[in-house]
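The values are calculated or read from the model by the stated rules, or taken from the named source; none is laboratory data. As the structure is a computational prediction, the values presented were derived from the model and not from experiment. Note that each Cβ is placed from the backbone with ideal geometry, even for glycine, and that neighbours are counted across all protein chains shown.
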There are 4 protein chains.
Amino acid sequence: MAKMMKAAIFAEANRIVLDDKPIPEVGPLDALIRITTTTICGTDVHILKGEYPVARGLTVGHEPVGIIEKLGSAVEGYREGQRVIAGAITPSGYSNACLCGCASQDGPRTRHGFKPMGGWRFGNTIDGAQAEYLLVPDAMNNLAPVPDGLTDEQVLMCPDILSTGFSGAESGKVRIGDVVAVFAQGPIGLCATAGARLMGATTIIAVDTVPERLAIARRMGADHVVDFGATDPVEEILRLTDGRGVDVSIEALGRQSTFEAALKVLRPGGTLSSLGVYSEDLRIPLGAFCAGLGDHTIVTSLCPGGKERMRRLMEVVATGRVDTGPLVTHRFALDDIEAAYALFSNQRDGVLKVAVTP
Amino acid sequence: MAKMMKAAIFAEANRIVLDDKPIPEVGPLDALIRITTTTICGTDVHILKGEYPVARGLTVGHEPVGIIEKLGSAVEGYREGQRVIAGAITPSGYSNACLCGCASQDGPRTRHGFKPMGGWRFGNTIDGAQAEYLLVPDAMNNLAPVPDGLTDEQVLMCPDILSTGFSGAESGKVRIGDVVAVFAQGPIGLCATAGARLMGATTIIAVDTVPERLAIARRMGADHVVDFGATDPVEEILRLTDGRGVDVSIEALGRQSTFEAALKVLRPGGTLSSLGVYSEDLRIPLGAFCAGLGDHTIVTSLCPGGKERMRRLMEVVATGRVDTGPLVTHRFALDDIEAAYALFSNQRDGVLKVAVTP
Amino acid sequence: MAKMMKAAIFAEANRIVLDDKPIPEVGPLDALIRITTTTICGTDVHILKGEYPVARGLTVGHEPVGIIEKLGSAVEGYREGQRVIAGAITPSGYSNACLCGCASQDGPRTRHGFKPMGGWRFGNTIDGAQAEYLLVPDAMNNLAPVPDGLTDEQVLMCPDILSTGFSGAESGKVRIGDVVAVFAQGPIGLCATAGARLMGATTIIAVDTVPERLAIARRMGADHVVDFGATDPVEEILRLTDGRGVDVSIEALGRQSTFEAALKVLRPGGTLSSLGVYSEDLRIPLGAFCAGLGDHTIVTSLCPGGKERMRRLMEVVATGRVDTGPLVTHRFALDDIEAAYALFSNQRDGVLKVAVTP
Amino acid sequence: MAKMMKAAIFAEANRIVLDDKPIPEVGPLDALIRITTTTICGTDVHILKGEYPVARGLTVGHEPVGIIEKLGSAVEGYREGQRVIAGAITPSGYSNACLCGCASQDGPRTRHGFKPMGGWRFGNTIDGAQAEYLLVPDAMNNLAPVPDGLTDEQVLMCPDILSTGFSGAESGKVRIGDVVAVFAQGPIGLCATAGARLMGATTIIAVDTVPERLAIARRMGADHVVDFGATDPVEEILRLTDGRGVDVSIEALGRQSTFEAALKVLRPGGTLSSLGVYSEDLRIPLGAFCAGLGDHTIVTSLCPGGKERMRRLMEVVATGRVDTGPLVTHRFALDDIEAAYALFSNQRDGVLKVAVTP
C-alpha cells in the first residue's frame, strides 16, 4: 500500500484544502523530492478562485525547495539527499519547442508542435509543490542543486518570482543607460525592478499604489517611485523623463490600465515587456501605438525554467547581487496553509510572499 | 523671382490637385533632385481622404527617383547629374533616435528625444515627391546612387514598398525553416512575402481576397495562398501547418480582422510583425494571446530609410533576387496625376502601383 | 548470445575495416535504428589517418538515415518502423550547455560544465553510423522523422553537411543585401554557399581550386567564382567588391591560407565565420585585424544537431529550396566501404560525397 | 590674422611638445569648443613613441571636455557657452558604415565603403584635444551636453575609457549570471570590470600584476582578483570556476600572453571580447580554440562614439552607478603636459589617468 503524505489540493472554487494523498511513484526520468520550503503564488489564487481551471484534487503550487528522496532509474548526475530547487516551469528539454528556444511553451513530444504554457506542469497539469513530496518530471533538465550556504528562504524566490521578474528586463533587452518603468511592485514587479538594475538601466521608475511596496522598490533598485493612486503615472513619468518617455516599460500586474499606461510612457522604438496574467481582451490605444508605425515591440514572457536558469538565479543570490529577503513577509507550517491562503489571497497585513514549511 | 514647377498638393479633403509652386531653395545640407519617376502610396490616399492630416498646400508623395540638380554647400560625395533615389523616410543620421538604432523615429535635434514617425518628412512635414523637383534634407544621409543598368521602374519600389515589406520579415526575425503567413497581398504584403522567401522561410502562406494578388503572391515566393473571403484563414492555416501554427505572421493591411487572425495562427513563442497602418484601437484577444503567457512578440515597423538601406534594396533588384516588375501596373504623366489618384484610390482595374513621370 | 552486425571500425592508423560487432543493447533513453544509408565525412578521413584519435574498435561515421528498430523503455513519441535521421551531433537536451544555447558543447550532466565538442558522440566517443545498426542516445532529443516522399539520399546531407554549411551563414548573421565570400567549395563550403543565398546575401563569391566544384557552386547560388589557384583571391575579391571587401566571409577548409584570406577580404565590422577543422595554431595577421580595432568578429561553429534542426533542414530539402543532389557523386554497399574510403580519402574521380548502403 | 592657441603636437618620435597653433576656422558642420579638461591615453603614448604614425605637427589627444565657443552655420540644436563632451571617435552619422551599425569604422562619404578606424579622427587624422581649442567635426552627431552637477573630471572618462571599457562587456554580450574574466586592469580594463558588473555578471575575475590596480578592480566590481605575475592566471581561473572556465573573457592589454590566456580560460561557446591594441600578429592556440570546433566567438571593439553614447555614459556617472573618480590620479596644467607625458608614459607613481587643464 502506498505511503501517504499531506498535500494542498484544489477541492472546488474558493476551496484549497489540506488532504492526504499517496506519495507518488517514481518513473525512470523523474525525481521525488521531499519539500522543505514552498510558497504561494498569485496564480494559485486565480486557481483558488476558480478563475484558472485545474482538475479537482490536483495538488497546487509550483515553487519547490527540497531534498532528493529518490531518483528515477534513468536519472544520472544527482544523488539522493542533495538539496535542490526546480523551476516553476519544468520543460522536458527535448521537445521541439525547447530546441527552438521556447522551452516554456513545451509541446507534445511526438510532433514538432508547441503547447501554450506547456512547460508549466506543477500545480497545473500535474501535482504541485504545496505538499510533503513532489515528483519532478524530466529531472535531469530541471533539478538544480542549491549552493552551500544558502538557506531555503534565500532560494525560494528563484523558481518563479525572480525568474519571471528578471525575464521582464531581459525580454525588454534593457541596455546600459536605459530608462525603465516598472508597473506594479508586487513580488514579480519588485524582481523586475531588481532585474532592470542588474542589467544596467540608469533610471528606474517603480509604480504602485502601496507605499510599503514603493519603499521596498527603492531597496530593490528603483531611482524614482510613482504612486499610481495619487498621481497620473503617465504624466509623472513623462515629467521625470523630460517628455522623452522610457526605453523599456515592464507590466507586472495584468490589467488594462497598467498595460495602457506602460504603452503610453514608451518612447517610439521602445519595448513593452509584459509579465502580467490578463483576464480579459486587451486594448491597444491607437495614439500611443502610433497607429502601428512607432517601431514598438510588445513582448510577453512566461517564467523561464530549467536547471541552468535556476543555477544562474541562485548565483545572483549567492553573490549578494540581489537580496530577496524583504519579499518573504510571513511564515506558515504546511498544516496551516489554509490560513496562509486566507492571508495571501486577501493581501492582508502587508504580505508579499509567505514561506510554507512541511 | 523663383522658378516654378508642377506639384501635386493637398488642397482639402478629397482634393489633391496639380498646382504651380516655386522650385525650392537649397540649404547647405540639402540636395535638389529633378524627379524622373515617382508613385502613389496607400498613405497618400489616407491623406487625400483627410484621414491623415497634413498642411494644406503641401506637396504629397514620398517615393522619389530622380537626378541631382543642385547640391547644398556642405554636401560632399555626390555630383550634379547623378541618378539617385531617396527613402520614403529621410532620417537625419545625427539625432539621438538615429544613434539609438531607431532612425525612423527621428527626434528633435536639440535633446535626446524621439518623435513618433519623425523620420517621415516627405509629403508629411515637408514637400514631397509628386512634383517636378524635390528637396532632399540631410542629403548625405539619404541620397543613394542608382546602379548602372537599372531603370527607374526597377528601383521605384525601393524607397517605401520594398523597404517596408522586407522589414516585415526582418522584424519578424525569419529564420531558415520558418513557416510564415502574410496577411494581405497589396504591394507591401507582396514584398513581405518576397522578404520572407529571401530570408529562408520554407513555408510561406499568402492571404488575400483578390485572386490576381494571390497569383502574384506565388510569383513573389508564396508556397500556399489562402482566400480570406472564401475560407476562414485561421482554420485553413492551422490545417496547412498540421495544427502547429506559424513561426512568424506578418500583418500588412491595418485592420482588426487581419491583426487578430495573424495572432490566432501564431504559435506560442512566435512573432507577429505588423506593417499595417491602423485607424482605430486594436483589440488583442485573450485566448490567442495566452493571457499574456505565450512568449509572444508583437513588433511594428515603419519603413527603414537612409542611403545604405536603399543601396542594399537596389542590390536585391540588380541581382535579380526579387523582381518588383509585376507591381507596376499602370503609368501616368505627372500632368494626369489626378486621374492616377482616381484609379489608385478606388483600387480599379487591378491596380497595384502606378508609375508617375513628370 | 548477442546478434551480430557488420560495422566499419577504426583498427589502427590508416586502417578502417569492416568487422562483426554485436548489435547494441538498448538503454531506457536510447533508440536502435537500422541504417539504410550513411556516408563518409572528411572528419572520418582524419580518423582514418590517425590525425584525430578515437578508440580502436570504435565504429566510425556520424551521418545516419535509417528505420527505428527498437525504442528504449522511457522513449515516447516515436514508433518502431518509422524512418528517421539523427544529427551528427547528438546533444542530450538536458545539460547546462544545452540549456545555455550551446548544445554542441554538451557537458557533463552532473555539474554546470561544458565539454568541448561534447555533443559529438557518434563515431567519436560512442559507436557510429557506418554499420548495420546504430544506437542513438537521448533519442527523444535526436530522432527526426523523415517526411514522406523524401529519399534517403535527399536527406543524407542533413545530419552534418547541410547543418554545418548553413551554420556558416547563420553564425555570420548574413543579412539581406550582404556580400559573402565562401572559401573552399567542398561539400560543407557548397552548403555554406547555399545557406548564404537562402538568407538573402545578394553577392556570393565562391572560392576553390577545382573547376568542377566552382561549377557546382554556381548551381548552389554563387554569383561569382574565384579560382584560388589561378588568381590571388584577396585581390580578386577586392576587385569584385570595388575595394570594399565582404560583409561576411566563411572559411570552410581549415587552413591558415584560407583563414588568412578570409580575414583580409573582410570589411571592418564584418564577420569571419569559420567552419574548418584546423590542424595547427592559427595566425591572425595584424594588418587585416586592424591591430584589434576593426570591430571584427571571428566565430566558429560546430555542426548544430537535435531533431528540431534536422526537421528544419529536411523542410529546406522538401520544399526544394536547396537541392543537395549534386553532392552525392558515388554509391557503395557497406560491404565495399573500404573501397569507398580509398576513393574518398584520396579525393579521386571528382568525389564529393558517397552514399553507403548496408 | 588668426588668433593663436597652445597645443600639444607630435614633433617627432619621442617628442610631443607644447606649441602655438592658430585657432581653427569653423566649417558649416563643425563646432569649436574651448577645452576645459582633457587627458592622455595609452594610444597617445604609442604616438609619442612613433609606434603609431601620425603627421608631424598634429595636435594629439582625443578625450575632450569643454565649452562651445562657436557653432558652424549649419549646426542646430546647441548654443554657445554650453558645456559638452565629444567621444574619442567622432563618426559622421551619415556614412554607409554608420548606417550599417559600424560607426567607428566610418568610411569615405562618396561610396559605400568602410575605412578601418575611420571614425577615429581626433589626434589621428585631424587635430586633437590636448590644446586650448578643439574643432569638432559633424558636431550635431558628436556634441553631448554635460548634465548639470557633473564636474569635468567626472565626465572625463566618458569619451574613451568608459566607452571602450563598457564595450568590452557589451560586445561580450554579458548576461545575468555570467562568469567574466578581465585581463589587465589599466583604466580600460577597470571600466570593463565595471561594465561586466553593470550588465549582471555574478562572478567577475580581474587579472593584473599591480596590487594597487587589483585593489581598485575590487572597488569597480571584481569579485576575485588574480595576480598574473604571482600565479598562472589560467590555472587560477579554472580553479575559481571549478574547471568550467568563463562565459566571457575580456582582453584589455593587447599582448599575445593575455590574448592567449583569455582564450584558454574560455568555456566552449564563450566569447573572447578583445579591447587591446596589438603590435604584432596574434597566435590562436589550436587546443584552446578546439581546432575551430568550440563554438567560440572572438570579437574586437573600437571605442563607440557619438552623442547618444556619451549621453548614456554620463547618465551612468550621474546616477552613481559607476564612479570613475579613482581613475584620475594626477593633475597637470596644459603648460606642463610634457611632464604629464613623462609620468604617464613611464607609468610612474601609480598613475592611472591624468587630468590636463588648459
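Annotations
- Single match in D:344, D:259 (criterion: aromatic (Phe, Trp, Tyr), surrounded by 24 or more Cβ atoms within 10 Å (Cβ to Cβ), in contact (Cβ under 8 Å) with a residue 12 or more places away in the chain and not assigned by TED's automatic domain parsing to the domain that holds residue D:66): D:259
- Within the range D:1-51, tally of residues that are of a type in the set (Phe, Trp, Tyr) and not in a strand (DSSP E or B): 0
So that you can scan it fast, the table gives a plain yes or no per residue for (1) within 14 Å of chain D (Cβ to nearest Cβ); (2) closer than 24 Å to residue A:248 by Cα:
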{"site": "A:140", "(1), (2)": "no, no"}
{"site": "A:148", "(1), (2)": "yes, no"}
{"site": "A:178", "(1), (2)": "yes, yes"}
{"site": "A:181", "(1), (2)": "no, yes"}
{"site": "A:185", "(1), (2)": "no, yes"}
{"site": "A:206", "(1), (2)": "no, yes"}
{"site": "A:211", "(1), (2)": "no, yes"}
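- Considering each residue of the range D:205-213 in turn, at least one proves to be surrounded by fewer than 24 Cβ atoms within 10 Å (Cβ to Cβ), assigned to a loop (DSSP other than H, G, I, E, B) and touching a residue at least 12 places away in the same chain (Cβ under 8 Å).
- Output for the range D:84-124, where each listed residue is closer than 23 Å to residue B:106 by Cα and among the hydrophobic types (A, V, I, L, M, F, W, C): D:84, D:85, D:86, D:89, D:97, D:98, D:99, D:100, D:102, D:103
- Selection within the range A:51-74 - within 22 Å of residue A:125 (Cα to Cα), modelled with pLDDT under 95 and of a type outside the set (D, E, K, R): A:52, A:53
- Filter result (surrounded by fewer than 22 Cβ atoms within 10 Å (Cβ to Cβ) and among the aliphatic types (A, V, I, L, M)) within the range A:59-74: A:67, A:68, A:74
- When each of C:197, C:239, C:175, C:218 is tested for being under 27 Å from residue C:353 (Cα atoms), surrounded by fewer than 22 Cβ atoms within 10 Å (Cβ to Cβ), assigned by TED's automatic domain parsing to the domain that holds residue C:289 and not aromatic (Phe, Trp, Tyr), the lone residue that passes is C:218.
- In the range B:111-128, the residues that are away from every other protein chain (no Cβ under 12 Å), farther than 17 Å from residue B:309 by Cβ and either crowded, with 24+ Cβ neighbours inside 10 Å or under 16 Å from the mean Cα position of the chain (by Cα) (or both): B:123, B:128
- Selection count, the range C:46-81, where residues are away from chain A (no Cβ under 14 Å), among the β-branched types (Val, Ile, Thr) and over 13 Å from residue C:130 (Cα atoms): 3
For (1) touching a Leu at 6+ places or on another chain (Cβ under 8 Å); (2) within 27 Å of residue C:272 (Cα to Cα), each residue gets a yes or a no:
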site	(1), (2)
C:304	no, yes
C:315	no, no
C:330	yes, no
C:333	no, no
C:341	yes, no
C:345	yes, no
C:350	no, no
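- Residue-level analysis places residue A:266 among those that are in contact with a His (Cβ under 7 Å, 6 or more places away or on another chain) and closer than 23 Å to residue A:233 by Cα.
- Pairs where the first residue, in the range B:4-16, is within 12 Å of residue B:335 (Cα to Cα) and the second is outside any strand (DSSP E or B) and among the polar types (S, T, N, Q), C-beta under 6 Å, 6+ apart: B:8/B:130
- Out of C:196, C:169, sole residue that is of a type in the set (A, V, I, L, M, F, W, C), closer than 23 Å to residue B:158 by Cα, within 11 Å of another protein chain (Cβ to nearest Cβ) and not in a loop (DSSP other than H, G, I, E, B): C:196
- 2 or more residues within 14 Å of chain B (Cβ to nearest Cβ): qualifying strands (runs of 3 or more DSSP E) within the range C:229-326: C:246-251, C:266-274
- Every residue from the range A:131-154 that is buried (at least 21 other Cβ atoms within 10 Å of the Cβ) and either out of contact with any Leu (no Cβ under 7 Å at 6 or more places or on another chain) or of a type in the set (A, V, I, L, M, F, W, C) (or both): A:131, A:134, A:135, A:136, A:139, A:140, A:141, A:142, A:143, A:144, A:146
- Residue within the range D:43-55 that is in the same structural domain as residue D:352 (by TED's automatic domain parsing) and over 21 Å from the mean Cα position of the chain (by Cα) present: yes
- Residue within the range B:143-160 that is more than 19 Å from residue B:120 (Cα to Cα), more than 16 Å from the chain's Cα centre (by Cα) and polar (S, T, N, Q) present: yes
- Residue identified as within 24 Å of the chain's Cα centre (by Cα), farther than 30 Å from residue B:275 by Cα and among the acidic types (Asp, Glu) among A:247, A:281, A:323, A:232: A:323
- Options A:328, A:299, A:248, A:265; residue that is touching a residue at least 24 places away in the same chain (Cβ under 8 Å), among the aliphatic types (A, V, I, L, M) and closer than 30 Å to residue A:151 by Cβ: A:328
- The numbered conditions (1) within 24 Å of the chain's Cα centre (by Cα); (2) small (Gly, Ala, Ser); (3) surrounded by fewer than 19 Cβ atoms within 10 Å (Cβ to Cβ) are all true for residue D:254 except (3).
- Against the test of being among the acidic types (Asp, Glu), touching a residue at least 60 places away in the same chain (Cβ under 8 Å) and farther than 30 Å from residue C:92 by Cβ, the options A:44, A:30 yield a single qualifying residue, A:44.
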